[in-house]
1. For Glu223, all conditions in the list (1) touching a strand residue (DSSP E or B) at 6+ places or on another chain (Cβ under 8 Å); (2) modelled with pLDDT under 95; (3) closer than 19 Å to Asp346 by Cβ; (4) not in a loop (DSSP other than H, G, I, E, B) hold save one; what is the number of the exception?
2. Taking the stretch 145-161 on its own, how many of its residues are touching a strand residue (DSSP E or B) at 6+ places or on another chain (Cβ under 9 Å) and more than 21 Å from Lys317 (Cβ to Cβ)?
3. Residues of the stretch 134-154 being assigned to a helix (DSSP H, G or I) and of a type in the set (Gly, Ala, Ser), which ones?
4. Please determine whether any residue of the stretch 259-276 is at pLDDT 90 or above, over 19 Å from Gly55 (Cα atoms) and assigned to a helix (DSSP H, G or I).
5. Checking the condition more than 24 Å from the chain's Cα centre (by Cα), surrounded by 12 or more Cβ atoms within 10 Å (Cβ to Cβ) and either assigned by TED's automatic domain parsing to the domain that holds Val163 or at pLDDT 95 or above (or both), which residue from Pro91, Pro51, Pro62, Pro30 passes?
6. Where the second residue is modelled with pLDDT of 95 or more and surrounded by 14 or more Cβ atoms within 10 Å (Cβ to Cβ) and the first is part of a helix (DSSP H, G or I) and lies in the stretch 188-200, which pairs have Cβ atoms under 6 Å and are six or more apart or on separate chains?
7. For residues that are touching a residue at least 40 places away in the same chain (Cβ under 8 Å), surrounded by 12 or more Cβ atoms within 10 Å (Cβ to Cβ) and over 10 Å from Ile215 (Cβ atoms), tally how many sit in the stretch 259-277.
8. Right, Val307: crowded, with 21+ Cβ neighbours inside 10 Å and not assigned by TED's automatic domain parsing to the domain that holds Arg65 or not?
Amino acid sequence: MSQKTLKSIELFVKNSLKSIIFNKESRVFPQVVAEPSPTILNCNKILLLRPNRIGDVLVSIPFFRNLSEHLKDKNVKIDILLSSKNIVTKPAIQEYFNEIYCLPRNLLSVVRLIKKLKQKKYDLIIDLLDNPSFTSSLIIKAVKPRYSLGFDKENRNVYTHIVPLPDKSKVHIVERICHLLHPFGIVAEENSKSLFFQAPDDELLPLKKKKRIGINLSGSSPEKFWGIQNFKKLIEYINDRFDFEIVVFATGKYKEISKELNNFKNVYFAPFQNDFIKFASMVKSCDVLITPDTSTVHIASAFQIPVVALYTYQDPKFGMPWFPYKTKSITLISKHNFYSDISPEDVLNALIKLLES
């Protein structure tokens, strides 16, 4: 059988399963939990689903903390399923979990993992995504927990219990996720919603001798690269205005481009790190941060580092961007799906305003 035929069969099966999972005519009516209700879900084994990116894990830390704290004396085991894109965050969250799994990319390995999860006999699976996910839905269907919990959205019929989805245009993603604590009777206090995680003091960068500005060159996609000429001009402006150390963070594919910043005074290059905690420690050493990458924004939020955050335009129907949370910040949002209409002058003015606030 040809590769093309196999691909066609795979697509047909996937679309057929999607039509079942997202069937709006389904007669499945999950229980709606609109307010904190302490006696709804009593469980001994819980599995959380948190695939996707690093930022998805970081904005969920307040949920992890509150759930773990609430259940710590009840002999409840909490596990979590991450993905290959965010498994690097494991050291930051392992204190909250019994076991941490990684969703493999290989189909056969996925089948093996689902079989293993099914043998665990989970009482409850919680889907933390606030967008409908085919993968999460399929896992819930395959693992067959006694209960399943998620937001009221297109795949609502895979859950036994749902929580109304807060308005994405008005409620920050951290606050939205905390609504999934309602079936446990938990109301997250403001001081429990910090994104903080443990990271030691940095030992990779030179000893800090003056205030330090961190500049992160890019994010998870090419659209999140502001352009090397913009960074050059910004560094010129910073050097003219301030006497600060400037630490440049660049992922592997931008390492070569970053060399164009070699000749600027006060500039240091952060060593490339696959180790998430070591990277976070370097970010933590900064006094202020400039970044177009939301995962780095959330690290800044975790350690309350003031941040100038760059965002591309997002259609309001998809809700607000994932802004910095509980830290001083100024956000600059482009008018299009790229950063070119945000000027170095815009970023400098935002930086000055942030430092003066």
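1. Failed condition: (1).
2. Keep residues of the stretch 145-161 that are touching a strand residue (DSSP E or B) at 6+ places or on another chain (Cβ under 9 Å), which gives 145-153, 155-156, 158-161.
Those still in the list that are more than 21 Å from Lys317 (Cβ to Cβ) too: 145-149, 158-161.
So the count comes out to 9.
3. Start the filter on the stretch 134-154 by keeping residues that are assigned to a helix (DSSP H, G or I), which leaves 134-143.
The answer is Ser136, Ser137, Ala142.
4. yes
5. Working: Pro91 fails: more than 24 Å from the chain's Cα centre (by Cα); Pro51 fails: more than 24 Å from the chain's Cα centre (by Cα); Pro62 fails: more than 24 Å from the chain's Cα centre (by Cα).
Exactly one of Pro91, Pro51, Pro62, Pro30 is more than 24 Å from the chain's Cα centre (by Cα), surrounded by 12 or more Cβ atoms within 10 Å (Cβ to Cβ) and either assigned by TED's automatic domain parsing to the domain that holds Val163 or at pLDDT 95 or above (or both), namely Pro30.
6. Ser192/Asn66
7. Narrowing the stretch 259-277 to residues touching a residue at least 40 places away in the same chain (Cβ under 8 Å): 268, 270-271, 273-277.
Imposing the further condition that a residue be surrounded by 12 or more Cβ atoms within 10 Å (Cβ to Cβ) reduces the set to 268, 270, 273, 276-277.
Applying the additional criterion that residues be over 10 Å from Ile215 (Cβ atoms) yields 268, 273, 276-277.
The total comes to 4.
8. Numbers: crowded, with 21+ Cβ neighbours inside 10 Å: yes; not assigned by TED's automatic domain parsing to the domain that holds Arg65: yes.
Spelling it out, Val307 is indeed crowded, with 21+ Cβ neighbours inside 10 Å and not assigned by TED's automatic domain parsing to the domain that holds Arg65.
The values are calculated or read from the model by the stated rules, or taken from the named source; none is laboratory data. Worth saying up front: this structure is predicted, and the values here are computed from it rather than measured. Ideal geometry is used to build each Cβ from the backbone, glycine not excepted, and the neighbour counts take in all protein chains shown.
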